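Here is the structure we will look at, set down as structure tokens.
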Amino acid sequence: FEIVAAPIFNDSYDLKGAVLVFYEITELKRVEEMRKDFVANVSHELKTPLTSIRGFSETLLEDGALEDRELTERFLTIINNESQRLQALVKDLLELSRLEKDELQIRMERLDFRKMVDTIMPIIEQHAESKQIQVQLELPDSVIMRGDEDRLKQLVINLMNNAVNYTSSNGSVRLKVTHSNDSVFAEISDTGLGIPEDSLDRIFERFYRVDKARSRNTGGTGLGLAIVKHVVEAHGGTISVSSEVNKGTTFSIRLPKALG
Ligand code: ADP
């Protein structure tokens, strides 16, 4: 609180009392702190790959380094991976800033959720196969709703990729979709690492990660779930998560069909 005080006098200038005004500044402070944290986080996330790109390219430019073919290939691979990480980060930052600036940007078009999932399954299956993870799908033949197809694709891809990333080999991930007259329900579950209870309400924050090293190794930007939450809310839906460490995690989404 910020407090401003002013005395009150009567006609003969005797002190009668005082007016105290309490300003609630905690919320303003919190928003300001979050903005500062965000800038610090972005800077850090950009700095790490850049330092590595600069270091490895400088080494390659040193006398004779390029003559060692094996070393050259190894360093170029690192430079390439780190550039890809930078690109993914900038892409997610732009997407998040667009969604935060104007949620009305969402284009609501008639779509078939089932068909949409079919078009992105190859991406998810390829990822799952590389980790020997089984993908199970349970979807009705057709689920008609209104929504932003590109954003909904991104939502399913982010959640399914996370499910694969945070599950060890030989585990399984599942997407189950059901619907009622007015809503679509999607459940993405995995048999993976799980999320500790005290982290559950923080995972939708930008750059919050349970295990930083693991997330970076899987190429995560730390923004996937923040984007997912914005997409759900921009559609007027809700998302919740339940999880048990070493057992698995389930994300449950409800999206209004918004037809009619
Ligand atoms: P990241 O790029 O780090 O995956 P996200 O925003 O997608 O960023 O997720 C934030 C964090 O939430 C992850 O770093 C991870 O710790 C945790 N997380 C997300 N999905 C899962 C999951 N299915 N199982 C376990 N942990 C998860």
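The values are calculated or read from the model by the stated rules, or taken from the named source; none is laboratory data. In this text the structure is predicted, and so the values were computed from the model without any measurement. Note: ideal-geometry Cβ built from the backbone for every residue, glycine included; neighbour counts use all protein chains shown. Accessible surface areas use protein heavy atoms only, side chains included; no ligands, DNA or RNA. Shrake-Rupley method; radii C 1.70, N 1.55, O 1.52, S 1.80 Å.
Candidates in the range 20-60 are the residues that are aliphatic (A, V, I, L, M), modelled with pLDDT under 90 and farther than 16 Å from residue 93 by Cα; of these, the one that is farthest from the chain's Cα centre (by Cα) is 20. Remark: pairs (first residue in the range 230-243, at positive phi; second residue at pLDDT 95 or above; Cβ separation under 7 Å; 6+ apart in sequence or on different chains) = 236/256.
It is to be established whether one or more residues within the range 132-146 are modelled with pLDDT under 95, surrounded by 19 or more Cβ atoms within 10 Å (Cβ to Cβ) and closer than 30 Å to residue 45 by Cβ. Within the range 132-146, none of the residues are modelled with pLDDT under 95, surrounded by 19 or more Cβ atoms within 10 Å (Cβ to Cβ) and closer than 30 Å to residue 45 by Cβ.
Being in a strand (DSSP E or B), more than 7 Å from the ligand (Cβ to nearest atom) and of a type in the set (D, E, K, R) holds for only one residue in 206, 254, and it is 254.
Yes or no: the range 223-236 includes at least one residue that is open to solvent by less than 30 Å² (accessible area, probe 1.4 Å), part of a strand (DSSP E or B), near the ligand (Cβ under 10 Å from one of its atoms) and not hydroxyl-bearing (Ser, Thr, Tyr).
The first filter runs over the range 223-236 and keeps only residues open to solvent by less than 30 Å² (accessible area, probe 1.4 Å), leaving 223-228, 231-232, 234-235.
Applying the additional criterion that residues be part of a strand (DSSP E or B) yields none.
No, the range 223-236 contains no residue that is open to solvent by less than 30 Å² (accessible area, probe 1.4 Å), part of a strand (DSSP E or B), near the ligand (Cβ under 10 Å from one of its atoms) and not hydroxyl-bearing (Ser, Thr, Tyr).
Total residues in the range 174-202 satisfying the condition of being over 20 Å from residue 141 (Cα atoms) and not basic (Lys, Arg): the figure is 13. Report whether or not residue 223 is touching a residue at least 40 places away in the same chain (Cβ under 8 Å), more than 24 Å from residue 39 (Cα to Cα) and among the hydrophobic types (A, V, I, L, M, F, W, C). In short, no.
Is it the case that the range 127-149 has a residue that's of a type in the set (Asp, Glu), closer than 19 Å to residue 235 by Cα and in contact with a Pro (Cβ under 7 Å, 6 or more places away or on another chain)? Working first, answer last.
First, pick out the residues of the range 127-149 that are of a type in the set (Asp, Glu): 129, 138, 141, 148-149.
Applying the additional criterion that residues be closer than 19 Å to residue 235 by Cα yields 148-149.
Checking the rest, the ones that are also in contact with a Pro (Cβ under 7 Å, 6 or more places away or on another chain) come to none.
Scanning the range 127-149, I find no residue that is of a type in the set (Asp, Glu), closer than 19 Å to residue 235 by Cα and in contact with a Pro (Cβ under 7 Å, 6 or more places away or on another chain), so the answer is no.
Pick out, from the range 83-164, the strands (runs of 3 or more DSSP E) lying fully within it that include 1 or more residues that are of a type in the set (S, T, N, Q). Walk me through it before giving the result.
Values: elements: 109-112, 134-138, 144-147.
Of the strands (runs of 3 or more DSSP E) lying wholly inside the range 83-164, those with at least 1 residues that are of a type in the set (S, T, N, Q) span 134-138.
Can you name the residue in the range 172-183 that is over 17 Å from residue 247 (Cβ atoms) and within 16 Å of the ligand (Cβ to nearest atom) and is also most open to solvent (accessible area, probe 1.4 Å) among such residues?
Here is the first cut: in the range 172-183, the ones over 17 Å from residue 247 (Cβ atoms) are 175-183.
Applying the additional criterion that residues be within 16 Å of the ligand (Cβ to nearest atom) yields 175-176.
Details: 175: 1, 176: 67 Å².
Checking each candidate, the answer is 176.
With respect to the conditions (1) out of contact with any Pro (no Cβ under 9 Å at 6 or more places or on another chain); (2) more than 12 Å from the ligand (Cβ to nearest atom); (3) in contact (Cβ under 8 Å) with a residue 40 or more places away in the chain; (4) open to solvent by 20 Å² or more (accessible area, probe 1.4 Å), residue 186 falls short on a single one, namely (4). When 167, 191, 218 are checked against the criterion of being β-branched (Val, Ile, Thr), buried (at least 18 other Cβ atoms within 10 Å of the Cβ) and out of contact with any Asp or Glu (no Cβ under 9 Å at 6 or more places or on another chain), 191 stands alone in meeting it.
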